[in-house]
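To keep things clear, I will list the structure first and then write my remarks on it.
The values are calculated or read from the model by the stated rules, or taken from the named source; none is laboratory data. No experiment lies behind these values; they were computed from the predicted model shown. Using ideal geometry, Cβ is built from the backbone for each residue, glycine included, and neighbour counts are taken over all protein chains shown. To get the accessible areas, we keep the full protein, side chains included, count just its heavy atoms, and leave off ligands, DNA and RNA. Shrake-Rupley method; radii C 1.70, N 1.55, O 1.52, S 1.80 Å.
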Amino acid sequence: MKRFSIPTILLAVIAFVNVSATTIHVPADYPTIQQGIDAGVDGDTVLVQPGTYYENINFNGHNIVLGSLFLTTGDTIYIAQTVIDGDSSGTVVSFVSGEDTSACITGFTVANGYTDDNGGGILCMNSSNPLICYNIIKDNISNNSGAGICCWQSSPRILKNTISNNRIYNIYWGDGGGIKMYESNSLIKGNTISNNYCYCAGGGISSFSSNPTILDNVISHNTSHGPGGGFLCHQSQPVIAGNQFTGNASSVDEGGAAASYNSSIIFEWNSVAYNVSGFRGGGILNKYSDSYIRNNIFVYNRCAAEGAAIFCSRTWSRSNPTIINNVIYGNQAGVNGGAIKIIYADPVISNTIMWNNTPDEINQDDLSNPVITYSNIQGGWAGEGNINIDPLFRDPQGGDFHLQDSINCGDPLYSPCIDTGSPVIFDSLLDCSRGLGTLRSDMGAYGGYISGCNYVVGDVNGSDNYNGLDITYGVNFFKGGSDPICDTCDCPPHPFFWVCGDVNGSCSYNGLDITYGVNFFKGGAAPIPCADCPPGGGIIITAKSRNANSAIYEMQSKEHRNSGFIRNTEKNKGDDQLKTGLRH
């Protein structure tokens with residue numbers, strides 16, 4: 001069994017609990033969970049003993065914490081032992097009365113819901129934004145959308161759940177076998193989303209008119225008869241980072257791992273492996289979408305027709321994705337475009353390695369105008385800086401796509417992809433697991449890491465300083481207040497907008513950082529940045545006057561700030577990093 005410390009659970013789930021709140025015990029005080037919820041008032045906790053409860057519960061606007069004994073002990077055994085069983089008679093758990101971020105469900109198995117509408121397992125509607133964490137959500141059925149969880153005009157935080165074996169069988173409509181989002185800006189982080197099914201679209205996750213942040217999840221073996229085996233995106237702007245897409249399938253349609261339509265996605269630091277499409281885009285399908293695809297590994301994906309790793313096309317508007325610093329290896333297309341297929345699209349491709357894909361690497365039509373530079377493409381491709389030579393991965397058969405470096409890392413050979421990427425892109429982190437050689441970017445998934453932001457460690461209120469106001473803001477955040485407003489920094493493998501609040505070097509933001517910060521302002525030790533996240537080529541520790549309320553950390557290189565790769569993304573609360581990927 002896995003056990004979490006009680007302080008960690010309290011910080012991650014209920015943070016600073018109101019000392020005047022009441023704990024209601026089920027079944028000691030009330031025999032059913034619903035009766036316990038109805039008896040609670042805002043700030044209360046309903047604590048449920050192990051057992052199977054055949055109920056369809058509704059929070060009814062009560063901003064309370066509902067937890068199994070996992071909440072108080074940190075013992076994950078209670079998650080499987082405490083079951084809310086919907087008995088195939090409706091949605092199992094409903095948040096439909098505008099519950100806020102202090103409402104929470106944690107430590108349960110949510111199972112056997114059945115509805116002809118939305119949300120078989122958990123339904124969030126009417127601007128309900130609860131915390132859903134550390135649950136098993138399984139074996140639920142919806143005949144519309146969101147068999148596991150449905151987020152309809154609501155933005156819950158969905159953290160570290162197992163969402164599996166949920167089903168949508170309707171052959172005419174419906175999407176989101178695991179999770180459905182409509183007009184939702186949810187944070188979906190650290191979950192295992194697997195073996196879910198939807199006949200129409202989005203076997204694992206679907207996003208319509210939404211801007212979710214999808215971080216550090218294992219998204220595996222989900223199936224859709226239609227597009228988007230693992231993920232379906234339409235008219236959305238998601239950030240998708242640090243996920244593992246493995247073994248997903250669009251059985252007769254397109255986008256085995258992910259399908260994007262009319263969207264602008266940021267897709268980075270993901271591993272995309274062994275996904276299958278019955279038509280186009282075994283890995284990613286990108287239609288009339290201007291997506292940003294970088295620092296990913298696409299391996300062993302297959303499709304029956306075109307674009308085994310990436311398929312780019314348009315219908316009524318051109319598709320202009322940016323594809324930078326990826327590894328595309330061992331993918332197989334039935335017709336052409338073993339690595340990338342381009343139809344009436346103008347992608348910009350740089351610093352990318354395409355090797356050992358069949359039947360070819362890139363295939364384009366006469367209407368496309370891709371710009372492909374500084375890439376290693378087997379068989380060759382015209383373009384500035386392009387090469388055609390074995391990239392010398394460390395162990396591609398074993399899933400290690402780092403470049404060999406005989407000079408610094410003890411490898412037998414030295415890769416020709418080191419320091420041969422675009423000269424206007426730089427490796428911000430130089431070590432044997434990231435960039436190699438000099439600051440000039442490497443080709444492949446581990447080079448070209450660019451921050452380009454004003455990284456002020458500890459700043460969570462957007463002032464570009466770290467001072468006592470950040471302590472106050474942070475305390476309010478952990479009580480359920482506003483999310484951090486910190487500058488975004490590309491910080492793989494950690495969420496860039498989450499590390500900014502870290503001042504004790506743990507690469508996460510929690511109550512311990514508040515304690516450390518208070519001690520610092522009293523004259524204690526200086527803040528410690530996350531060791532994995534030096535922004536923009538390194539940082540200078542200036543340790544300016546504590547009383548001057550000035551920034552403690554500043555960017556070292558202005559070129560990185562002005563490099564053109566600066567971007568912003570939504571800030572959300574998060575949980576500890578779940579490391580995923582092919583030895584990423």
Would you check if Phe231 is more than 27 Å from Tyr114 (Cα to Cα), among the hydrophobic types (A, V, I, L, M, F, W, C) and within 14 Å of the chain's Cα centre (by Cα)?
-> no
Quick one: in region 270-288, of everything that is among the polar types (S, T, N, Q) and not in a strand (DSSP E or B), which residue is surrounded by the fewest Cβ atoms within 10 Å (Cβ to Cβ)?
-> Asn270
Residue check, Phe267 against (1) in contact with a Lys or Arg (Cβ under 9 Å, 6 or more places away or on another chain); (2) of a type outside the set (Lys, Arg); (3) open to solvent by less than 10 Å² (accessible area, probe 1.4 Å); (4) not in a strand (DSSP E or B), all met but one. Which one?
-> (4)
For residues in region 496-545 being part of a loop (DSSP other than H, G, I, E, B) and closer than 14 Å to Asp470 by Cα, which is modelled with the highest pLDDT?
-> Val503
Filter region 402-421 down to residues that are closer than 14 Å to Tyr446 by Cα, in contact with a Ser or Thr (Cβ under 6 Å, 6 or more places away or on another chain) and assigned to a loop (DSSP other than H, G, I, E, B), then give me how many there are.
-> 3
With the checklist (1) open to solvent by less than 20 Å² (accessible area, probe 1.4 Å); (2) at pLDDT 95 or above in hand, flag the one item Val13 doesn't pass.
-> (2)
Within region 198-228, the residues that are within 14 Å of the chain's Cα centre (by Cα), closer than 14 Å to Lys180 by Cα and of a type outside the set (A, V, I, L, M, F, W, C) are Gly204, Ser206, Ser207, Asn211, Pro212, Thr213
Considering residues that are within 18 Å of Asn161 (Cβ to Cβ) and crowded, with 24+ Cβ neighbours inside 10 Å, the number found within region 221-243 is 6
Within region 423-437, identify whether any single residue is surrounded by fewer than 19 Cβ atoms within 10 Å (Cβ to Cβ) and within 26 Å of Asp290 (Cβ to Cβ), and answer yes or no.
-> yes
Looking only at region 351-370, decide whether some residue is crowded, with 24+ Cβ neighbours inside 10 Å, part of a strand (DSSP E or B) and of a type in the set (Ser, Thr, Tyr).
-> no
Count of region 82-99 residues which are aliphatic (A, V, I, L, M), in a strand (DSSP E or B) and open to solvent by 10 Å² or more (accessible area, probe 1.4 Å) = 1
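Going by the conditions given, is Ser154 touching a strand residue (DSSP E or B) at 6+ places or on another chain (Cβ under 9 Å) and assigned to a loop (DSSP other than H, G, I, E, B)?
When the stated conditions are applied, Ser154 passes them.
Look through region 100-129, keep the residues that are part of a strand (DSSP E or B) and of a type in the set (S, T, N, Q), and return whichever of them is farthest from the chain's Cα centre (by Cα). Show your work before the answer.
If we filter region 100-129 for residues that are part of a strand (DSSP E or B), which is where we start, we get 104-106, 109-111, 114-115, 118, 122-125.
Subset that is of a type in the set (S, T, N, Q): 106, 109, 115, 118.
On the way: Thr106: 20, Thr109: 23, Thr115: 28, Asn118: 23 Å.
Filtering first and then ranking leaves Thr115.
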Checking Ile323 against (1) part of a loop (DSSP other than H, G, I, E, B); (2) open to solvent by less than 10 Å² (accessible area, probe 1.4 Å), the condition it does not meet = (1)
Scan region 463-471 and give yes if some residue there is within 27 Å of the chain's Cα centre (by Cα), at pLDDT below 85 and surrounded by fewer than 18 Cβ atoms within 10 Å (Cβ to Cβ), otherwise no.
-> yes
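Okay, residues lined up against (1) at pLDDT 95 or above; (2) out of contact with any strand residue (DSSP E or B) (no Cβ under 8 Å at 6 or more places or on another chain); (3) of a type in the set (S, T, N, Q):
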position	(1), (2), (3)
Thr106	yes, no, yes
Thr109	yes, no, yes
Asn112	yes, no, yes
Gly121	yes, no, no
Cys124	yes, no, no
Ile137	yes, no, no
Asn144	no, no, yes
Pairs with Cβ under 6 Å, 6+ apart, first in region 340-366 and touching a residue at least 12 places away in the same chain (Cβ under 8 Å), second aromatic (Phe, Trp, Tyr) and open to solvent by less than 10 Å² (accessible area, probe 1.4 Å) = Lys341/Phe311
Quick check: is even one residue across region 161-168 open to solvent by 30 Å² or more (accessible area, probe 1.4 Å) and in contact with a Lys or Arg (Cβ under 6 Å, 6 or more places away or on another chain)?
-> yes
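Give, as residue ranges, the strands (runs of 3 or more DSSP E) completely inside region 168-227 that count at least 1 residues that are among the hydroxyl-bearing types (Ser, Thr, Tyr) and closer than 21 Å to Gly247 by Cβ. Talk me through it step by step, then tell me what you get.
Details: elements: 179-182, 187-189, 192-194, 205-208, 213-215, 218-220.
So the answer is 192-194, 205-208, 218-220.
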